[in-house]
Structures are given as C-alpha cells and as structure tokens.
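Worksheet: the structure to be examined is printed underneath.
The values are calculated or read from the model by the stated rules, or taken from the named source; none is laboratory data. Note that this is a predicted model, so its numbers are computed, not measured. Heads up, the Cβs are rebuilt from the backbone with ideal geometry, glycines too, and the neighbour counts pull from every protein chain shown.
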C-alpha cells in the first residue's frame, strides 16, 4: 500500500511539473505565431523628405536690397506665428537680416567690396552640426535631431533659463518676455504659438519637410535660398557648394554651421 | 459612576455631527460632466483609441505623440485597427473636438485640473467668435 501510494505521488508530481512548465512555453509560442492583437504604432509620414543633415546655401549675389528678403521673412514669421513687437528688447525673430560686418565679424577687411559691405545678409539658426545651445540646455528642450540634423525645440520642456541664448554665437534665439499672442497679426491655426517664458528659433520648417514641402523661406526666396541634404553628393546644395566659394558664420568657433553663404 | 447618560449623549451628538456631511448629501451626488460632441466627432464614432482609453489616458497619449513627432519625426499614428492619423493636437484632435468649452473644459473643470495646452495650441480652429 505504501509503495503504490508513493509511486502514485511521484507520477502526479511529474505530470504537474510538465503541466506547469509547458503552459508558459506554449503561450509564448502561440504569441509568436499569430494570435496576437495589433498594437498601436507610429511611423513617419509617407511624403516626408529625408536627409542626414539639412543644409541651406544662400546666394547673396542675387540679393539687391532688403526688399528681396522681405517675402521670406514674412512667409516664415506668418506660418510660425512669430509675434511682432515694436519694442526691440522683446523682439522675436526666426530669420532676419544683418550687415556683413555683423554677420561675419571675424572676416571683415579694412577695405571691403562695396556690394558686400552694404548687402543685407539673411541670417537664421545655423542648425550647427556641433550646436553649443544643445550642450547648454539643462532640460534637453533643445536637441539635435539624429534623424535629420535639425536643431529642434520642444517648447513644452523649455524652462526659460536662456542658457541656450547665451551659448548661441549667432543670436539666433529669442526669448518670449511677454505673452506673444496679442502681438501676432494673423494666426496660423495649424501651428502652435508660444507662451511667455520660452525660447524660440527657426526649426528649418520641420513640419513642412515632414509633408514633403520645402521650408517656407526657401519657397518664398525666389532662388536666393537653396535647401538640401549636406551629405548627399547629388543634392542641390552640394552642387552649389561644389561650384561656388562659400563662407559660413564664425566658422572658427567649431560649431559647424549648416548655412552656407555664396559671396 | 452615573456618567453613562452623559457619555452616551455626547457620543450620539458626536456621531451625528461627524457623519453630518454624509447623510446631508445623501442622494445628492453631483452628476458627472456631460460632454457634447461636435457633428464631426459624432460622425467619426470612435476616436484614435477606444473611448474608455481616451477618457482616462488621453494625456499620456498626447505625451507619446509629442515625443514621437518632435524628437523622432514620426508623425503618423496607426491604431489597433490599422487606421492612420497625423499626430497633431492642433490639427487632428482639435479638428474634431473643436468645441473646447463643451468638451475639454467640461471634464477639466469638473476634475479641477487646468492643463495649459491652449496657452500655445490654438483652440477651436473652426469656431467663429
């Protein structure tokens, strides 16, 4: 009697062990081979433009006066809800123009070509390959996007410390000292505004690139601006860079700006 | 040792006062917020995710959306049914839910939360004031 009961116990124990261990294995197997539910996912848009590093070439030979730059500045500021402040201290700018001596302070000769001396240079965020603003940001609100090299801002994360403004050698960043909403002439409802206390700057129109369009300033530039992938040897920008002498702003700082100027 | 009646009376008074809010409000529970859907939202029948999920987790969803769009450049959301939506609070969510006062604010006010989405994202793209 004793013996049979022990045998029986061992049999049952063996079956139980097989049973317990087999279930999870079978479940895992079933999950792997169909039978699993679809989960939500994300993906890039179908028409999005792709690049390793977006870059811009500005042909300053085509610029006659500040009038030629107005349409691009207006196009940019309009679609991005950039406010217009009359007080210079509150000014917000994504793209604006600067004299040569201010845009390229380290490359000014004593006696300058007259055209260069007076022509307005369009300036904007350089989307540096080695951006000092990104290093300065304590919250990673501004970051270099690995997918396309754009120096982006996540306005939600910006705490308004303005370290990035101090770090940027190009003055490309503006701070919202006041609520910008009342100072936006015409709001573009498809793009958010900003709130008081955040920094903003050019985003290379990442929202337009994502739907297969060129940046707004390039569209409105009448051929002055050319946009493309810096690391695609067949791209428009590379063709221009191959054929023309170009300069970049404050190159000696080692920030590797992605905006090139044909002078 | 004949303080029993005082003690019991005191206890009864205490219990009455302590439980006063409960029985005073008995049967008067304030009704939950009633939200109104726009015609467009009604026609769509379901949001990007099931209603129960949206009701409880829309803020987490928006957080994921923002991260995905801003940081990774992935702008299309594919839900469990395989339906695709551009991930945009301004252009996708607020396009259907264009009635902030009757939709968003109803629950937010009820729950006493004040999200600052609309400090930047423009409310009511369709509503003409």
ask   = Which residues, counting only those in segment B:63-85, are in a strand (DSSP E or B), facing chain A (nearest Cβ under 7 Å) and free of Cβ contacts under 8 Å to residues at least 24 places away in the same chain?
value = B:76, B:78
query = Considering A:163, A:177, which residue is modelled with pLDDT of 95 or more, over 19 Å from the mean Cα position of the chain (by Cα) and farther than 30 Å from residue A:61 by Cβ?
reply = A:177
message = Can you report the number of residues in segment A:37-83 which are in a helix (DSSP H, G or I) and free of Cβ contacts under 8 Å to residues at least 12 places away in the same chain?
response = 2
key: Among (1) exposed (fewer than 11 other Cβ atoms within 10 Å of the Cβ); (2) assigned to a helix (DSSP H, G or I); (3) touching a residue at least 24 places away in the same chain (Cβ under 8 Å), the one test that residue B:34 misses   = (2)
Residue A:121 vs. criteria within 26 Å of residue A:254 (Cα to Cα), within 14 Å of another protein chain (Cβ to nearest Cβ) and either in contact with a helix residue (DSSP H, G or I) (Cβ under 7 Å, 6 or more places away or on another chain) or at pLDDT 95 or above (or both) = no
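One line per residue, one yes/no per condition, for (1) within 13 Å of chain B (Cβ to nearest Cβ); (2) crowded, with 18+ Cβ neighbours inside 10 Å:
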site	(1), (2)
A:133	no, yes
A:144	yes, yes
A:150	yes, yes
A:167	no, no
A:170	no, yes
A:173	no, yes
A:185	no, no
A:193	yes, yes
message = Can you report the number of residues in segment A:40-89 which are over 25 Å from residue A:229 (Cα atoms) and within 11 Å of chain B (Cβ to nearest Cβ)?
response = 3
Number of the exception - residue B:17 against (1) in contact (Cβ under 8 Å) with a residue 40 or more places away in the chain; (2) part of a helix (DSSP H, G or I) = (1)
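Quickly run through segment A:194-215 and pick out the residues that are assigned to a loop (DSSP other than H, G, I, E, B) and over 23 Å from residue A:48 (Cα atoms). Outline the logic, then answer.
The initial filter retains those residues of segment A:194-215 that are assigned to a loop (DSSP other than H, G, I, E, B), namely A:194-198, A:201-205, A:210-215.
Listed by number, the residues that qualify are A:194, A:195, A:196, A:197, A:198.
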request  = Would you please list the contacts, defined by Cβ atoms under 8 Å and residues six or more apart or on different chains, that run from a residue in segment A:159-173 that is outside the structural domain of residue A:134 (by TED's automatic domain parsing) to a residue that is assigned to a loop (DSSP other than H, G, I, E, B)?
outcome  = none
key: Residue list for segment B:50-61, restricted to those being within 16 Å of residue B:84 (Cα to Cα) and surrounded by fewer than 17 Cβ atoms within 10 Å (Cβ to Cβ)   = B:50
request  = Just one of (1) assigned to a helix (DSSP H, G or I); (2) free of Cβ contacts under 8 Å to residues at least 24 places away in the same chain trips up residue A:233, so point out which.
outcome  = (1)
task = For residues that are in contact with a helix residue (DSSP H, G or I) (Cβ under 9 Å, 6 or more places away or on another chain) and surrounded by fewer than 22 Cβ atoms within 10 Å (Cβ to Cβ), scanning just segment A:195-205, find the one that is farthest from the other protein chains (Cβ to nearest Cβ).
result = A:196
key: Output for segment A:54-78, where each listed residue is surrounded by fewer than 20 Cβ atoms within 10 Å (Cβ to Cβ) and within 24 Å of residue A:153 (Cα to Cα)   = A:74, A:75, A:78
query = What is the one condition in (1) surrounded by 15 or more Cβ atoms within 10 Å (Cβ to Cβ); (2) assigned to a loop (DSSP other than H, G, I, E, B) that residue B:94 does not satisfy?
reply = (2)
ask   = Out of all the residues in segment A:237-251, which are surrounded by fewer than 17 Cβ atoms within 10 Å (Cβ to Cβ), part of a helix (DSSP H, G or I) and at pLDDT 95 or above?
value = A:239, A:242, A:243
task = Test each condition in (1) modelled with pLDDT of 95 or more; (2) surrounded by 11 or more Cβ atoms within 10 Å (Cβ to Cβ) for residue B:14 and report the one that comes out false.
result = (2)
